[in-house]
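Only one structure is covered here, and it is reproduced in the block below.
Just so it is clear, none of the values below were taken in a lab; they were calculated from the coordinates. Just so it is clear, the model here is predicted, and its values are computed rather than measured. Here Cβ is always computed from backbone atoms with ideal geometry, including for glycine, and neighbour counts include all displayed protein chains.
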Amino acid sequence: MHRDAAPHFVDFRDVWLAYNDALLAQNHFAVEAIDLQVKQGEFIAIVGPSGCGKSTFMKLATGLRMPSMGKILIDGQPVTGPLKISGMAFQSPSLLPWRTTVDNVLLPLEIVEPHRSQFKAKRKEYEERARKLLQKVGLGGYEDKFPWQLSGGMQQRASICRALIHEPKMLLLDEPFGALDAFTREELWCILRDLQAEQKFNVILVTHDLRESVFLADTVYVMSKSPGRFVVQREIDFARPRDLKLTYTKEFSDIVLELRGHIGAMRKVGAVIHQ
C-alpha cells in the first residue's frame, strides 16, 4: 500500500492478532491483515456486524493488546504498551457514584503523568479546566451533582469530558451513544462534532449506527465478520461543519444505504457458511 512521505498519526502495517498462542498455532485470528493509515486530526468510524473485531481493533489502537504480527505506530512512535496520549469513552459511562461530576472528570489527571505529580499543586487550575469543559457540553450547573442525579445523556457527556480532560491527541469511542434515545444521541453527535472541530484531536469511533458514522466521520471503514479485516473504505466528502439537516438529504441516505448494503452482503455470506 502506498504511504505518503508525511507520517500518519495512526499507522497499522499488516496487523494480525490471535488472542493466545494456542489460537495462533491454529491460525485462528480475531483480526487479520489490518492496513490502516489515518492523517493527523482525522475522524474515522468503524462499522460492521457484531463480533467482527471492532473492539479488538480498539485494544490494539490503545496499546492494551500487542499484535501477533505486524506493526502499529501512533503519532510516529511504535506502540509498546498502553498509550498516554489517548482518551476513551464507552457505551456505559461508568462514573464513580461517590464522586461529583467534576471530580469524575478530574480522575485521569489524578492517575496519568505528568499531571498526577502536579495534581495537588495545580488542583485549582485543573478544576477550572474541568468546569469549563462541562459547561461546553451543556453541563453547567451540574458540576457538583452526583452521577445518580444525572440522566443517561448527561452521564455520557461527563464521560466524554473525562476522556478529554488531559487533552489527549486521540479520542477512542466504543459505541458511546448506543444506549441513548435518538434525540439525546443526535445532541451528543453535535457536541462531539464541535469539540473535535475546536481541538483537532484524532477520533476513532466504533459504532453500529450507520447514520452516526456518516454524520461524524471523514472516513468510514467497514469490517468483515471474524476474523475482522477492513473490506470497504468510504470517504465522506460532506463539508464541515455539518448540520443535522444533512441527515435528511438524499445524498446522506444514499451513503447510509450503500454501507448497509456492504454489511448485509457480509451477513448473507456468513449465513450461507454456517448452514
- Query: Using θ = phi - 60° and the Karplus curve 6.51 cos²θ - 1.76 cosθ + 1.60, what whole-Hz ³J(HN,Hα) does each residue of the range 107-116 get, with Gly and Pro shown as x?
  - Reply: 3, x, 5, 7, 10, 8, 6, x, 5, 4
- Task: For R99 paired with R260, estimate the spin-label separation in nm (one decimal), with each label point 7 Å from Cα along the Cα-to-Cβ line.
- Result: 4.0 nm
- Which shape class, rounded, prolate or oblate, goes with the range 3-94 when its Cα gyration tensor gives a ≥ b ≥ c as root eigenvalues, a/c under 1.5 marks rounded, and past that a/b bigger than b/c marks prolate? oblate
- Rounded to the nearest 5, what % of the DSSP beta bridges within the chain are antiparallel ones? 45 percent
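Quick check on the range 148-275: of the DSSP beta bridges with both residues there, what percent are antiparallel, nearest 5%?
Details: 5 of 10 bridges.
Of the beta bridges lying entirely in the range 148-275, close to 50 percent run antiparallel.
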- Likely footprinting exposure, I74, I191, fewest C-beta neighbours within 10 Å first: I191, I74
- Task: For the range 141-275, just say rounded, prolate or oblate: build the C-alpha gyration tensor, square-root its eigenvalues into a ≥ b ≥ c, call rounded for a/c under 1.5, and beyond that prolate if a/b exceeds b/c, oblate if not.
- Result: prolate
- With springs connecting C-alpha atoms under 10 Å apart, model the chain as a Gaussian network and identify which of G70, G51, G141 has the largest mean-square fluctuation. G141
- Query: Residue-wise, which Karplus ³J(HN,Hα) couplings in Hz belong to the range 127-134, taking 6.51 cos²θ - 1.76 cosθ + 1.60, θ = phi - 60°, and x for glycine or proline?
  - Reply: 5, 4, 4, 5, 5, 5, 5, 4
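Given the -39500 (n - 2.57) contribution per DSSP H run of 4+ residues, what per-residue ellipticity at 222 nm results for the chain, rounded to the nearest 500 deg cm²/dmol?
Details: 8 runs with 109 residues, N = 275.
Computed mean residue ellipticity for the chain: -12500 deg cm²/dmol.
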- Candidates for Cα extents along the principal axes in Å are (1) 56, 45, 41; (2) 74, 42, 34; (3) 55, 39, 38, and the calculated one carries label (1)
- Net charge of neighbours whose Cβ lies under 11 Å from the Cβ of L195, counting Lys and Arg as +1 and Asp and Glu as -1: +2
- Under the Karplus relation 6.51 cos²θ - 1.76 cosθ + 1.60, θ = phi - 60°, what is the ordered set of whole-Hz ³J(HN,Hα) values for the range 35-50, x standing for Gly and Pro? 10, 8, 10, 10, 6, 4, x, 7, 10, 10, 10, 10, 10, x, x, 4
